[in-house]
Each structure stands twice: as C-alpha cells, then as structure tokens.
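Okay, structure first, notes after.
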Amino acid sequence: MTSHSPSPLIAPAAIDFDSIKTLTEHDAKAVDQLIINELSSDVILINQIGHYIVGNGGKRLRPMLLLLAAKALGETSDKHLILAAVIEFIHTATLLHDDVVDESDLRRGKESANAVWGNAASVLVGDYLYSSAFEMMVRTGNMRVMEILSKTTTAIAEGEVLQLLNCNNPETTEKKYLEVIARKTAILFSAATRLAAVISEASAEVEDRLAQYGQHLGIAFQLIDDALDYKATKEELGKNLGDDLAEGKPTLPLIYAIEHGSENEAKTVTDAIKNGNRDAFNEVYAVVQRTRAIEYTEQRAEEEARKAIDALSVLPDSEYKDALILLAKFSVQRNY
C-alpha cells in the first residue's frame, strides 16, 4: 500500500456522537416508545428477549439516519417514526439470528440473547421481530415502502447465506467479500435513508442519492468493524477479540494479509481461517500488522465514507445535512 499523508476526512478532534444524537432526541424517544408498545405480547418470553436486546445499548444508528435524512428534507412525520422503528426491528432480528449462526456469547459487552435463553428462543423471537416489522410497515399504506423493505430483507438473507458459504474459505476475494457486506450490512443503511426520501416525497434523484449515501456509509461502517476486530480492546468492541477469526470469517484485513504476506505468513492466515482457530490470533495479528492490512482496510472504509459524503451534495445546507456528513466521518474514526 502506498503511503499517503493523513486525510482531511479524519478530523483530529474526536466527533461527538452524542451531539449528533441530540438533533433527533425528541423523535428518537417517540420511536423508542413505539418499539416498547410493539414488543407488548402476551407471550412473556417475547417480551423478555425483545426488551433485553432492544434495551441492550447500541447506537440506534439506522433509525437515526432515517430521522436525520427526513429532517434534512423538511420535517419528520408519524410515518417516518413508524419506519424508524421498523428499521430497528429488522436490525435487531438480524442480530438475534447472527449470534445464533456465529455461536456468539457476547453482544455489546453483555451476554447475547442466545447465551441467556438458547438458540431456539432467539431464532423464534427474531422471526417475531421480522413479522412485527412487516405488520408495522403496512400501516404506512405505501406500496413503495413495502417493496423497498421486502427487497431489503431478501438481500440481507442472501448476504447471510453468502457469508456462510465464505466461512472457512481463505480463497474468498475482496470483491466477493464486499458483495457480502453490501447485502448483509449496507442495504439496511441504504433502506433507512431511502425510506426517509420516499415518505418525504422527495425527487427520484434525491431518493437515489440518499440511498447511495446509506449504502456507502454501511460499507464503511462494516469495514471499520472488521479492522476493530484486530485493534480494539474487548471492552471497546463489546465482543471477544478474534471472534471473526474463530468463526472462520475471511474479513478484509485477512484477505489483504493473505495477498500481501510471505508464503509462510499467507499459510498462517489461511490455516487459521480454514480451522476457525482463535488460538492462532497472535500469529495472525502479527501478519495483519506487518502487511499493514488494518491501514488498507481503513483506507477502503475512508473511500466509502467520502463517496457517502459526496452523495449528500444534492441536499440543501442544514444542521441535519452536517450531521449526516459527521456520521460518515464518525464511521471511520470510531473505536467501538
């Protein structure tokens, strides 16, 4: 990787995520109340798991994106609030399913739902959240909304299956890996910002550009997650370091390290991916460091964040547009 001077995208001062959240605070509380109301089931276990996972911290980034985009286009409406809750429900359902597939026992620094209640209950409550999300979106009475969200959930499922196929496969290319995260992660970011435009009845161009913003932001976000698995502390990350390696996931730092390491180094990483070997973490970490794979991954994330910011040029200037720009910068600067 060619060396280059620090990019102006990464501001020297830390970005205050809480100050961005403040811009949507009133609407976010209404969304939280909606979520609580929708989790009200006479099946006690659904209430317990639903409240546990939804109340378990998290940045609420996806609904925040929808609300900020809506405000950048004018005002938020009841339909925006419903869809912000829908987006969070879909995201939460994917987390429940992810943790079962990955056999994770930590989520955001706490025991994962499957570690507490078991896999079967987690999968079924994830299904309940998906069903509730579709029930809620019908209330918008907008076929375009249902088309976008049905395509989104299909793409997420495809991304999950593609990721499963790539597991323990060290021959996964960067292109194939980016296809997975475009579907598995970025598509929900993109749906959030696109839906804001749809409900605000923005032009086709604005809708398209906001969708692009969400897609690029989502890819940047996931790439930094990949990097953090090899540089953050367990406390910062909220999960065990080396989880990706233990699950045999060929993430971008590992793909790059295989391509740019010596024959022996490539074999170290390849064997660790094939065997899902957390015990090899220190050796793999050394290869990742020597090949500057983290720097490469961060550079790729930064390229995506730049594309996200460029897509916002279609919006009028406002504090909400500024907040969307700051979120793109935050996505590559964060350490959690």
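The values are calculated or read from the model by the stated rules, or taken from the named source; none is laboratory data. Here the structure is a predicted model, which means the values were calculated and not measured. With ideal geometry, Cβ positions are generated from the backbone for all residues, glycine too; neighbour counts draw on all protein chains shown. Calculation scope for accessible area: heavy atoms of the full protein, side chains included, ligands and nucleic acids excluded. Shrake-Rupley method; radii C 1.70, N 1.55, O 1.52, S 1.80 Å.
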Report, in degrees rounded to the nearest 10, the 0 to 90 angle that the Cα long axis of helix 204-228 makes with the longest principal axis of the chain.
40 degrees
Not counting ligands, DNA or RNA, and with a 1.4 Å probe, what is Phe330's accessible surface area in Å² rounded to the nearest 10?
10 Å²
Students sometimes get this wrong: rank Ser112, Ser318 by accessible area, probe 1.4 Å, all chains present, largest first.
Ser318, Ser112
Backbone HN-Hα couplings from phi across region 128-136 [Karplus 6.51/-1.76/1.60, Hz, Gly and Pro as x]
4, 5, 4, 4, 4, 4, 6, 4, 5
Relative contact order (%) - criterion: Cα under 8 Å, at least six apart; region: the chain
21 percent
Under unit Cβ charges (Lys, Arg +1; Asp, Glu -1), what dipole magnitude, rounded to 20 debye, does region 212-336 have relative to its Cα centre?
40 debye
In terms of the Cα gyration tensor, with a ≥ b ≥ c the square roots of its eigenvalues, is region 204-328 rounded because a/c is under 1.5, prolate because a/b exceeds b/c, or oblate?
prolate
Cross-link pairs Lys29/Lys329; Lys231/Lys274; Lys249/Lys329; Lys29/Lys231 - those with Cα-Cα distance over 32 Å:
Lys29/Lys231
Report the one residue of Ile187, Ala197, Asn168 whose Cα lies farthest in the direction of the positive end of the charge dipole of region 130-199 (charges on C-beta: Lys and Arg +1, Asp and Glu -1; origin at the Cα centre).
Ala197
The chain, helix-only ellipticity at 222 nm - DSSP H runs n ≥ 4, -39,500 (n - 2.57), divided by all residues, nearest 500:
-22500 deg cm²/dmol
Residues whose placed amide H lies under 5 Å from that of Lys59, excluding near-sequence neighbours:
none
Rounded, prolate or oblate for the chain? Axes are the square roots of the Cα gyration tensor eigenvalues, ordered a ≥ b ≥ c, and the cut-off for rounded is a/c under 1.5.
oblate
Report the residue, chosen from Thr268, Thr251, Thr94, that carries the largest GNM mean-square fluctuation when the chain is represented by alpha-carbon nodes joined by springs under 10 Å.
Thr268
Residue by residue through region 285-296, what is 3J(HN,Hα) from phi via Karplus (6.51 cos²θ - 1.76 cosθ + 1.60, θ = phi - 60°)? Round to whole Hz and write x for glycine and proline.
4, 4, 5, 4, 5, 5, 7, 6, 5, 5, 4, 5
In terms of modelled amide H atoms, which long-range or inter-chain residues lie less than 5 Å from the amide H of Lys249?
Asn168
Long pairs among Lys59/Lys79; Lys151/Lys175; Lys59/Lys184, criterion Cα-Cα beyond 24 Å
none
Helix 319-333 sits at what angle to the longest principal axis of the chain, using alpha carbons and giving 0 to 90 degrees rounded to 10?
20 degrees
In Hz, Karplus ³J(HN,Hα) per residue of region 93-99 (6.51, -1.76, 1.60; θ = phi - 60°; x = Gly, Pro)
4, 5, 5, 4, 5, 4, 5
